[in-house]
Amino acid sequence: MTDKKPGDLIPRILSALVLAPIVLGAAWFGGLPFQLMMALVIVLMASEWTRLTCGPVWHIEAIIMAGSALAAMLAAVTDNLNLLGWIILAGMAVSGGLGWVRGQELRWRLLGVPYISLGPVALVWLRDQDGVGLALIVWLLLVIWAMDIGAYFAGRAIGGPKLAPRASPNKTWAGLIGGMVCAGVVGGAVASAASLGPVWVLAELAVAVGVWSQVGDIAESMVKRHFGVKDMSNLIPGHGGILDRVDGLLFAAPAMAAFILVTGSI
């Protein structure tokens with residue numbers, strides 16, 4: 001999430017009230033509805049990223065990045081995880097190659113493909129986990145929302161030293177700690193209600209995932225400050241663009257999937 005003025009709170013709440021049922025509804029049904037929603041998100045994210053970072057021919061880069069991300073998602077849907085890395089590397093090579101031929105800065109093209117690919121791929125993979133897919137998605141979303149809400153209100157109520165003054169000047173250490181507490185409480189409570197696993201383990205994981213989502217938030221803030229913009233787009237009132245809304249999730253979802261793959265738990 002980006003730093004917003006207090007006056008943005010009402011449109012943010014209204015937008016969330018509209019979007020949350022759509023997201024949760026697609027997550028509830030899973031399968032094709034969830035995959036189609038992720039595909040749409042990929043296309044919108046590719047458009048926002050390339051429009052900002054790739055100059056006047058951004059639409060060509062958007063097609064490459066969206067195509068790579070959609071191919072990676074298809075590999076996850078068909079359980080061909082061994083292809084994911086190759087698909088993403090191929091997308092980076094094509095996008096970077098075009099940038100190199102044109103003499104343009106490469107880092108945004110090389111970063112763009114994994115940035116918009118790994119989050120949706122992880123979410124689709126998590127949702128497809130037998131018996132617990134829906135619970136995992138709900139757990140992850142609620143943890144990130146709890147982290148954001150806790151950080152927002154704790155930061156405004158307490159203030160204090162800035163967390164990352166150059167990248168995200170409204171974030172404070174008090175906000176981070178408040179968000180961590182909220183994320184841990186919500187993560188443990190949801191884990192208990194859904195019987196996902198040991199409550200304390202998942203509460204601790206929720207704190208780690210919440211903090212990592214804030215890293216994603218700050219990373220995108222750094223990109224926007226580099227290009228001198230407030231939001232990635234104005235698609236969602238009060239929130240900016242799709243990337244402004246899911247920046248933390250793009251970091252948190254792959255971390256959650258990696259945890260399950262490495263530990264074999266949940």
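The values are calculated or read from the model by the stated rules, or taken from the named source; none is laboratory data. From a predicted model like this one, the values you see are computed outputs, not experimental measurements. Virtual Cβ from ideal backbone geometry, glycine too; neighbours counted across all protein chains shown.
Scan the stretch 65-84 and give yes if some residue there is β-branched (Val, Ile, Thr), in contact (Cβ under 8 Å) with a residue 24 or more places away in the chain and surrounded by fewer than 23 Cβ atoms within 10 Å (Cβ to Cβ), otherwise no. Yes, that holds for at least one residue. Checking each residue in the stretch 88-130 for being surrounded by fewer than 18 Cβ atoms within 10 Å (Cβ to Cβ) and part of a helix (DSSP H, G or I) picks out Leu89, Ala90, Ala93, Val94, Gly97, Leu98, Trp100, Val101, Arg107, Leu110, Leu111.
Just to check your reading of the model, which residue among Trp58, Trp49 is hydrophobic (A, V, I, L, M, F, W, C), surrounded by fewer than 23 Cβ atoms within 10 Å (Cβ to Cβ) and on the phi < 0 side of the Ramachandran plot?
Trp58
Among residues that are assigned to a loop (DSSP other than H, G, I, E, B), surrounded by 15 or more Cβ atoms within 10 Å (Cβ to Cβ) and either in contact (Cβ under 8 Å) with a residue 24 or more places away in the chain or over 15 Å from the mean Cα position of the chain (by Cα) (or both), Asp217 is not included.
Anything in the stretch 156-189 that is out of contact with any Ser or Thr (no Cβ under 6 Å at 6 or more places or on another chain) and either farther than 22 Å from Val215 by Cβ or among the hydroxyl-bearing types (Ser, Thr, Tyr) (or both)? List them, or say none. Hits for the stretch 156-189 are Ala157, Thr172, Ala189.
If you go through the stretch 224-244, how many residues are assigned to a helix (DSSP H, G or I) and under 15 Å from the mean Cα position of the chain (by Cα)?
Going through the stretch 224-244, the residues assigned to a helix (DSSP H, G or I) turn out to be 224-227, 242-244.
Right, trim to under 15 Å from the mean Cα position of the chain (by Cα) and you get 242-244.
Qualifying residue count for the region: 3.
For the stretch 69-114, which residues satisfy the criterion of being farther than 18 Å from Ala257 by Cβ, of a type outside the set (A, V, I, L, M, F, W, C) and under 19 Å from the mean Cα position of the chain (by Cα)? Result: Arg109, Gly112.
Would you mind finding the one in Ala183, Ala157 that is assigned to a helix (DSSP H, G or I), over 15 Å from the mean Cα position of the chain (by Cα), aliphatic (A, V, I, L, M) and surrounded by 24 or more Cβ atoms within 10 Å (Cβ to Cβ)?
That would be Ala183, the only listed residue that is assigned to a helix (DSSP H, G or I), over 15 Å from the mean Cα position of the chain (by Cα), aliphatic (A, V, I, L, M) and surrounded by 24 or more Cβ atoms within 10 Å (Cβ to Cβ).
Can you tell me which of Gly248, Gly240, Gly187 is out of contact with any Phe, Trp or Tyr (no Cβ under 7 Å at 6 or more places or on another chain), in contact (Cβ under 8 Å) with a residue 24 or more places away in the chain and either farther than 19 Å from Val124 by Cα or of a type in the set (Asp, Glu) (or both)? Outline the logic, then answer.
Values: Gly248 fails: either farther than 19 Å from Val124 by Cα or of a type in the set (Asp, Glu) (or both); Gly187 fails: out of contact with any Phe, Trp or Tyr (no Cβ under 7 Å at 6 or more places or on another chain).
From the options Gly248, Gly240, Gly187, the qualifying one is Gly240.
Scanning the stretch 1-38 for residues that are modelled with pLDDT under 75 and loosely packed, with under 14 Cβ neighbours inside 10 Å yields a count of 4.
Restricting attention to the stretch 160-176, the residues being surrounded by fewer than 17 Cβ atoms within 10 Å (Cβ to Cβ) and in a helix (DSSP H, G or I) number 1.
May I ask you to say which residue of Gly133, Gly150 is within 18 Å of the chain's Cα centre (by Cα) and surrounded by fewer than 22 Cβ atoms within 10 Å (Cβ to Cβ)?
Values: Gly150 fails: surrounded by fewer than 22 Cβ atoms within 10 Å (Cβ to Cβ).
The unique qualifying residue is Gly133.
The residue of the stretch 189-212 that is nearest to Val138 (Cα to Cα), among those that are touching a helix residue (DSSP H, G or I) at 6+ places or on another chain (Cβ under 6 Å) and crowded, with 22+ Cβ neighbours inside 10 Å, is Val190.
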